[in-house]
Amino acid sequence: MQKLVDKLLAAEQFHEYVWEPAVGNGKIAKRLTERGFNVFASDIDDKGYPGTHVIDFFDDKYISDAYPKIRRDIIITKPPQSKIKAFVERAMKVLADGYKVALLIRREALVEVKDCLPSKVVEANKSLVWAIWKKSKN
C-alpha cells in the first residue's frame with residue numbers, strides 16, 4: 001500500500017488535513033502520516049488501527065459543528081468495492097468547496113461512476129487506480 005499512496009502523492013498535491021473514512025487496518029492512513037499528513041481516521045467499526053474513530057461515513061450527524069475534528073477538506077480512502085458509487089456521492093456532498101476526494105478503486109469500477117466521472121485518474125498498479133474528484137467552489 002505504501003507504493004500506491006506514494007504514486008497518488010506524486011501525481012496530485014493535497015494539503016495537510018486528510019479524512020480517511022474507511023481506515024480499516026490503517027495502511028493508507030499510516031503512509032499518509034509518515035508523509036507528514038494530519039489524518040483523521042474513521043470507520044464504521046474499529047478494525048484495529050490506533051486512534052480510529054468509530055463513525056459511519058453516511059451518517060449526517062457527524063458532518064456538523066458538533067464534530068469539529070472532522071476536517072472535510074481532503075478525503076483519501078479505499079472504499080468497500082460494493083459501495084464505490086455511494087462513497088463518491090457522499091464524499092462530494094460532505095467535501096468542502098474547492099477540495100478533493102481520492103478513492104483507490106478497481107480500474108473496471110470506473111464504469112460504476114460514469115455519471116460522475118473523476119477529474120483525474122492515476123494508475124496505482126495493474127488493477128487499481130486512484131480516482132480523484134475536485135468539488136468546485138460555489
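The values are calculated or read from the model by the stated rules, or taken from the named source; none is laboratory data. As the structure is a prediction and not an experimental result, all values here were calculated from the model. Note that we place each Cβ from the backbone using ideal geometry, even for glycine, and neighbour counts take in every protein chain shown. Side chains included, ligands, DNA and RNA excluded: accessible areas come from the protein's heavy atoms. Shrake-Rupley method; radii C 1.70, N 1.55, O 1.52, S 1.80 Å.
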Per the list (1) in contact (Cβ under 8 Å) with a residue 12 or more places away in the chain; (2) open to solvent by 80 Å² or more (accessible area, probe 1.4 Å); (3) in contact with a strand residue (DSSP E or B) (Cβ under 6 Å, 6 or more places away or on another chain), residue check on K30 breaks on (3)
Kindly establish whether K47 is open to solvent by 40 Å² or more (accessible area, probe 1.4 Å) and assigned to a loop (DSSP other than H, G, I, E, B). yes
Qualifying positions in the range 113-127 - in contact with a strand residue (DSSP E or B) (Cβ under 8 Å, 6 or more places away or on another chain) and surrounded by fewer than 17 Cβ atoms within 10 Å (Cβ to Cβ): C116, S119, K120, V121, E123, S127
Strands (runs of 3 or more DSSP E) enclosed by the range 95-137 - at least 3 residues per element that are within 21 Å of F58 (Cα to Cα): 100-106, 128-134
Residue pairs meeting the criteria (Cβ under 6 Å; at least 6 apart or on separate chains; first part of a helix (DSSP H, G or I), in the range 77-88; second open to solvent by 10 Å² or more (accessible area, probe 1.4 Å) and modelled with pLDDT of 90 or more): none
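Looking at F14, F40, which is the one that is in a loop (DSSP other than H, G, I, E, B) and either open to solvent by less than 10 Å² (accessible area, probe 1.4 Å) or within 12 Å of I76 (Cβ to Cβ) (or both)? Walk me through it before giving the result.
Working: F40 fails: in a loop (DSSP other than H, G, I, E, B).
None of the other options fit; the residue is F14.
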